[in-house]
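Below you'll find the structure, written out as structure tokens, and then a few comments.
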Amino acid sequence: MQTFDRAGLAPRRDATGAELIALSERHGLVAFEVLGHLIRLQARSALADFASADRHATAADRLGERHKRPLVSVFTEWYRALRLGATRCGERCVGDEWMTRRVAVPLQQTLFICLLWSLTDDVIL
């Protein structure tokens, strides 16, 4: 899900997320189904396909509520805030490199680790 060596990998992440969702649904692996939706949410939003990303956010939220995974909403709300900025505030909100480097990326990585930890007891950090 996270790689920073080059741009343009959103379609591959989207395919990985789709495969993860399909396998997880078939085998009842809720934690990985949530992860698949979050991966697809990220990939679709990277491609500016906000309608699809919104559907994955909603699906992840529903799973989180149904299976008592409260940290899921942290990621979906984060996405919704970013989406709002990307679609409504235009140039004045885009391109703040310091904010992205120093705040957004480290926060996203920390929250992602917390999510993985909360989804399954099998994750060793």
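Read the figures in this text as sums done on the coordinates, not as results from a lab. Bear in mind the structure is a predicted one, so any value in this text is a computation, not a measurement. When we count neighbours, we look across all protein chains shown, and the Cβ atoms used for this are built from the backbone with ideal geometry, even at glycine.
Of 27, 67, the sequence from fewest to most neighbouring Cβ atoms within 10 angstrom is 27, 67.
The residues 74, 34, when put in order of fewest to most other Cβ atoms within 10 Å, stand as 74, 34. Compared with the alpha-carbon gap, the fully stretched path from residue 48 to residue 27 is longer by 4.5 nm at 0.36 nm per residue. Phi-derived couplings, Karplus 6.51 cos²θ - 1.76 cosθ + 1.60 at θ = phi - 60°, listed residue by residue for region 47-54: 8, 6, 9, 5, 5, 5, 4, 4 Hz, with x used for Gly and Pro.
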